[in-house]
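Asks: Mind having a look at this structure? Questions to follow.
The values are calculated or read from the model by the stated rules, or taken from the named source; none is laboratory data. Just so it is clear, the structure is predicted and the values come from calculations on it, not from any experiment. No Cβ is skipped: glycine too gets one built from the backbone with ideal geometry, and neighbour counts run over all protein chains shown.
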Amino acid sequence: MTGQGMTGQGHAGQGVIGRAVHRVDGPLKVTGRATYAYEHGAEDRPLYGYIVGATIGRGRLTRIDTANAERAPGVRLVMTHHNAPEQGPRDTSVPIEYWRAQPMLTGPEIHHYGEPVALVVAAAFEQARAAAGLVEVAYEERPGRYDFAALRDDTYVPKVVNAGLPTDTAVGDFDAGFRSAAVTVDRLYTTPYEFSMPMEPHACTAVPQGADLTVHVSAQIVDAALASVAATLRLDPARIHVVAPYVGGGFGSKLGIHAETILAALAARMVRRPVKVALTRQQIFQLVGLRPTSSQRVRLGADRDGRLVALAHDVTMHTNPDMEYAEQTAATTRSLYAAPHRLTSHRLTPLDLPRGEDVRSPGDAPGLLAVESAMDELADALDMDPVELRIRNEPTVDPERGVPYSDRHLVECLREGARRFGWERRPTRPASVRDGQWLVGYGTAAAIRGHFQMPTTVRVRLAADGTATVQSDMTDIGTGTYTILTQVAADGLGLPTDRVRVELGRSEFPTSMGSGGSWGAANSSTAVHRACHALRKRLLAAVREDTRSALCGLPWEKAVFADGRVRIGEASEALSDLVARHFPDGVQTTGETLAMTDDPHYSAYSIHTYGAHFAEVGVDADTAEIRLRRMLGVFSVGRVLNAKTARSQLIGGMIWGVGAALQEEGVVDVRTGAFATRDLAHYLVPVHADIPAVDAVVLDGYDDKANALGAKGIGELGICGAGAAVANAVFNATGVRVRDFPLTLEKVLPGLPPPEE
Amino acid sequence: MRAFTYERATDARAAVAAVSEPGAKFISGGTNLLDLMKLDIEQPSHLVDISRLPLRNIEDLRDGGLRIGAQAANSDVAADARVRTRYPVLSQALLSGASGQLRNKASTGGNLMQRTRCPYFYDTAAACNKRRPGAGCAAIGGFNRIHAILGAGDSCIATHPSDMAVAMTALGARITLLDTDQSVRHVDIADFYRLPGDTPHRETVLRPGEMITDVVLPPPPPGRQLYRKVRDRASYEFALVSVASVLSVKQDTVRAARVAFGGVAAKPWRSVEAEAALIGRPATMATYRDAARAALRNAIGRGHNDFKIELAERTLCRTLAHLAAAS
């Protein structure tokens, strides 16, 4: 589909968009030459900061004695609320939280367990850590609210939920519809606290240079990091330089900066030396936002042939009382299935715990665990194939907004997935198939994820030697941004990929919305595509009346940019010659995308990505250990920019979904407000042996309402529904329905028959 | 982590002499100790590195047993042909533990000496009688899903995390200890670990400065051997419950049996009650159920870990049925 969306100004194309090009930054990463935030500044003898966290969940500091720590070897500074510089306040009038000030060490009040109470800065990391143990703190502890299960009815109604979406929606008359339904499901599902655990911890090296401050940071959005540091430190944004060329994973937890960056920046300015701070793995469980725990009531009412009459999804989640976060857990339920009578709602229970933040596919990931489990329960109640039930409820227009879908292929995903997976071999009766010690079951679930578009600017520059450079403060958090933008620019300028250089992650570059919400790839590649388009236009305008060019006077609208040349009919000229003659110092243009609120397509259409998961599990008949046997996801995401990085993203999401179904669970000790699961030995994620044959297939597609490239985001879709497919397979294997995620073995064990001979 | 000094011991006698100063500790693979030092849970002032002592050999004994040097790496023991053929339960247990990298680094003696993975033991702000005798036990009344159901008390409900030691317990291993006065003694593994009582910080009968030099396996007991580990994920995870068993069945009757559990107590839990309930009885599921009930008769759940009682019973039943079917 290369070339769609282009008009006039010549055609470009190497057919490189979509190809499984290897990561252009791969060799740098595997040879250790990609420099991450904490690795900078070695030449300037940096100092090392270590954060001391509160050991109460709520109350206040009554005494903090730093004398012993200050005397410890190598220590240069111990910062507490007594000597921390004044900082800008958290300003809720700034519309997106990640741009707000994040003041630290502001006073004696403790709002959650682990909150920073001091930063110890020393010549070596080990010295800072040892001295941190010498900071003496006394507290006055106050009773805190830590127990979601006990307090979940004590709620309030947030004004809006995440991404500015409405808190509640209602269509038709749900109660009447539900009452009239022949078959109903009314179930409560619960999902646990979950954490983003990127390989690279949250880290910062702050380097003061006179009035300027360079901030090497592990962040998903450079512009947000800049704004947040500037607002917190009350500095002129022009004096701050954010550098984040390589980021070792984020999953939402690096959309905003946290204690590591603010404390490093404050300390660096106090001691006038570079200061590094990284969170330890244990600290990430306390100082970075988490996915709220949720309680979700799902009610489905259907007629005998499976058509939904009424659908309700009512969600209660925890929030920190001072920093509201309302995950949009019921939001995609509004667009998933047809039903005339519908309700969705979100409620919040304030708890004295770390704040909620975006964790991969906020809302959709936990919401689909509940809704897609409930659909499986409905299929069981109707004695209907769960794939068929979903197909029967395919809407023709968005059932709540009443607008058409831009490009919806959920039914194709379900059908293609069922065919490839061998769904017809599914045991129709639960607990009916056994393979040795294993009870075997199949499960399916639908995937849906909203598509967002945010304002982004990129710059594309052609040098006189015919090489192109793309610049943006966009980030590559391991997703493949460098590679896809190389491909899109190569396509747009008709250059081989090795003549395109992509430079990302610096605040000096044009501003983007970074990586997050699955918007990064579509935003930045569309902007690059547009910049290339503008660049072609300028080059052709220059060449039109240039008698030195072989292309002079030829019909420019037929120009083709390919293989490093510009061709019109039989005539052609090297792109480098053309640039060198007309733009000896190079030529550059910018390309932009609009915010979705300014793009009429986003109000006229319901724009989503879709998929269908199929899982086969084995459940040990004696011990209830659940092991995935194989899994397939079939997805519709518009156009794919790179088949390899797309597949990696989707499979990564599916694996997280398996973890969410079976393992991941943050457990709060309700006596103290501390997480008892505070490292990766106690907070489990899948290991290789848990993930056998998993495959992701993407349907050919192009969503012309999404953007000129027809591409939509894929970073989060893989996790959506994946866990429900696994849970549904467990039911199919055992006949045991677990509604409390994750499905650890003790929840299945009581439903299994005793061991037999 | 506190500042500490380090020396590498050149022979076993020098090692025990060096470790006799206060605050000194042995280090071998360091796969557990270094983590605990970084988290300020272990605070040695001096480390005596015994990893290069000539204690890596695995030797045949004249009585048909095997002597395993305390510094033999877990992966070397697991791969040893004699271990695999004569003591498969030990090889299986070792291979079910940790990861390939850790098994390459971890020593036999260090595996025996590893400490509990109780999350409150790992949290220096939480009450823990192991870390600070008299402080209390936060796991009681806290999140105790991985905790003990047998042999625990009001002072501590932690479990011993080793797989290897469970197999060695079923095999009746003896541990050789070298004392600071250079004397040598032998302790049955069943007597090596202490139950918490009022002193959960005292985990073994090791005297201060005493060093494990080897583990002696007696000739293999009659019957087939199996290690079955039940856990939340397929690899790189501690046991919720594990069973090491050796079972001899002739003419459908159990002639000999060894049963040890992991993940249920502060020590690998040899169940003589289960063994007595098996020997001389028909090799049937009814017998296995009786044995399982006998083994878990005194088990106490603490809330989150209540399921372990049934899980241990079921796991033992299946392990015995498996062994009998293979006989």
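Asks: What do you reckon, is B:S75 surrounded by 20 or more Cβ atoms within 10 Å (Cβ to Cβ) and among the small types (G, A, S)?
Replies: Against the criterion (surrounded by 20 or more Cβ atoms within 10 Å (Cβ to Cβ) and among the small types (G, A, S)), B:S75 does not qualify.
Asks: Of all residues in region A:294-327 being assigned to a loop (DSSP other than H, G, I, E, B) and among the acidic types (D, E), which is surrounded by the most Cβ atoms within 10 Å (Cβ to Cβ)?
Replies: Checking each candidate, the answer is A:E327.
Asks: Going by the conditions given, is A:T589 farther than 30 Å from A:T547 by Cβ, of a type in the set (S, T, Y) and not assigned by TED's automatic domain parsing to the domain that holds A:T332?
Replies: Answer is no for this residue.
Asks: Report those helices (runs of 4 or more DSSP H) wholly inside region B:40-152 carrying at least 3 residues which are aliphatic (A, V, I, L, M) and modelled with pLDDT of 95 or more.
Replies: Answer list for region B:40-152: B:74-79, B:88-95.
Asks: Moving on to the next point. So which of A:A604, A:A527 ends up being of a type outside the set (F, W, Y) and under 21 Å from the mean Cα position of the chain (by Cα)?
Replies: From the options A:A604, A:A527, the qualifying one is A:A527.
Asks: A:A725: touching a helix residue (DSSP H, G or I) at 6+ places or on another chain (Cβ under 7 Å) and away from chain B (no Cβ under 14 Å), yes or no?
Replies: Spelling it out, it is not the case that A:A725 is touching a helix residue (DSSP H, G or I) at 6+ places or on another chain (Cβ under 7 Å) and away from chain B (no Cβ under 14 Å).
Asks: Being away from chain A (no Cβ under 14 Å) and of a type in the set (K, R) is the filter here; which residues of region B:185-242 pass it?
Replies: B:R185, B:R194, B:R202, B:R207, B:R224
Asks: Taking A:Q453 as meeting all but one of (1) outside any strand (DSSP E or B); (2) more than 30 Å from A:M513 (Cα to Cα), write down the number of the exception.
Replies: (2)
Here's the yes/no breakdown for (1) in the same structural domain as A:T293 (by TED's automatic domain parsing); (2) closer than 30 Å to A:I56 by Cα:
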site: A:L336; (1), (2): yes, no
site: A:S345; (1), (2): yes, no
site: A:L348; (1), (2): yes, yes
site: A:E377; (1), (2): no, no
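Asks: A further question follows. Hey, does region A:739-755 have a residue that's more than 14 Å from chain B (Cβ to nearest Cβ), within 21 Å of B:V230 (Cα to Cα) and of a type in the set (A, V, I, L, M)?
Replies: No, region A:739-755 has no match at all.
Asks: When you go through A:A489, A:A534 one by one, which is the residue that is of a type in the set (G, A, S), within 21 Å of A:A464 (Cα to Cα), within 25 Å of the chain's Cα centre (by Cα) and in a helix (DSSP H, G or I)?
Replies: On inspection, the qualifying residue turns out to be A:A489.
Asks: Evaluate the following for A:G505: is it within 22 Å of A:Y602 (Cβ to Cβ) and either outside the structural domain of A:P237 (by TED's automatic domain parsing) or among the aromatic types (F, W, Y) (or both)?
Replies: no
Asks: Does A:Y610 fit the bill of being over 19 Å from the mean Cα position of the chain (by Cα) and of a type in the set (F, W, Y)?
Replies: When the stated conditions are applied, A:Y610 does not pass them.
Asks: A follow-up question, please. From (1) under 27 Å from the mean Cα position of the chain (by Cα); (2) β-branched (V, I, T); (3) closer than 24 Å to A:D173 by Cα, pick out the condition that doesn't hold for A:T396.
Replies: Every listed condition holds for A:T396 apart from (1).
Asks: Also, quick follow-up: Identify, from the list A:R281, A:R291, A:R273, the residue that is surrounded by fewer than 20 Cβ atoms within 10 Å (Cβ to Cβ) and not assigned by TED's automatic domain parsing to the domain that holds A:T475.
Replies: Answer to the selection: A:R281.
Asks: Follow-up. Between residues in region A:676-699 that are within 14 Å of A:F195 (Cβ to Cβ) and in the same structural domain as A:R630 (by TED's automatic domain parsing) and residues that are surrounded by fewer than 16 Cβ atoms within 10 Å (Cβ to Cβ) and not acidic (D, E), which pairs lie under 7 Å by C-beta distance while being six or more apart or on different chains?
Replies: none
Asks: Something else about it: Counting residues that are of a type outside the set (A, V, I, L, M) and more than 14 Å from every other protein chain (Cβ to nearest Cβ), which strands (runs of 3 or more DSSP E) fully inside region A:603-720 reach at least 3?
Replies: A:608-620, A:626-636
Asks: Related question: Do we find that B:D35 is of a type outside the set (A, V, I, L, M, F, W, C) and within 14 Å of chain A (Cβ to nearest Cβ) in this structure?
Replies: Criteria met by B:D35.
Asks: More than 14 Å from every other protein chain (Cβ to nearest Cβ) and either of a type in the set (A, V, I, L, M) or surrounded by 20 or more Cβ atoms within 10 Å (Cβ to Cβ) (or both): is that true of A:V121 in this structure?
Replies: Yes; evaluated as a whole, the condition is true for this residue.
Asks: Can you tell me how many residues in region A:235-273 are farther than 15 Å from A:S507 by Cα and hydroxyl-bearing (S, T, Y)?
Replies: The total comes to 2.
Asks: Could we say that A:A338 is touching a Leu at 6+ places or on another chain (Cβ under 8 Å) and surrounded by fewer than 24 Cβ atoms within 10 Å (Cβ to Cβ) here?
Replies: It is true that A:A338 is touching a Leu at 6+ places or on another chain (Cβ under 8 Å) and surrounded by fewer than 24 Cβ atoms within 10 Å (Cβ to Cβ).
Asks: Also, quick follow-up: State all residues of region B:6-31 that are under 10 Å from B:V48 (Cα atoms) and within 14 Å of another protein chain (Cβ to nearest Cβ); if no residue qualifies, say none.
Replies: Selection gives B:Y6 alone.
Asks: Quick check: anything in region A:222-236 part of a loop (DSSP other than H, G, I, E, B) and of a type in the set (A, V, I, L, M, F, W, C)?
Replies: Yes.
Asks: Kindly indicate which of A:E126, A:E140 is without any contact (Cβ under 8 Å) to a residue 24 or more places away in the chain, in the same structural domain as A:T316 (by TED's automatic domain parsing) and either in a helix (DSSP H, G or I) or surrounded by fewer than 17 Cβ atoms within 10 Å (Cβ to Cβ) (or both).
Replies: After ruling out the rest, the residue left standing is A:E126.
Asks: When the residues of region B:263-294 are filtered to those that are within 14 Å of another protein chain (Cβ to nearest Cβ) and small (G, A, S), which remaining residue is surrounded by the fewest Cβ atoms within 10 Å (Cβ to Cβ)?
Replies: My answer is B:A286.
Asks: What number of residues within region A:328-342 satisfy the criterion of being in contact with a helix residue (DSSP H, G or I) (Cβ under 6 Å, 6 or more places away or on another chain) and farther than 17 Å from A:F178 by Cβ?
Replies: Looking only at that region, the number is 3.
Asks: Next up: I need a count of the residues in region A:42-63 that are touching a residue at least 12 places away in the same chain (Cβ under 8 Å) and surrounded by fewer than 20 Cβ atoms within 10 Å (Cβ to Cβ).
Replies: 7
Asks: Quick check on B:T180: is it of a type in the set (S, T, Y) and buried (at least 24 other Cβ atoms within 10 Å of the Cβ)?
Replies: no
Asks: Among the residues of region A:427-450, are any basic (K, R), touching a helix residue (DSSP H, G or I) at 6+ places or on another chain (Cβ under 9 Å) and under 30 Å from A:I221 (Cα atoms)?
Replies: There is at least one residue in region A:427-450 that is basic (K, R), touching a helix residue (DSSP H, G or I) at 6+ places or on another chain (Cβ under 9 Å) and under 30 Å from A:I221 (Cα atoms).
Asks: With in contact (Cβ under 8 Å) with a residue 12 or more places away in the chain and closer than 30 Å to A:H608 by Cα as the only criterion, which of A:Q328, A:Q282 stands out?
Replies: A:Q328
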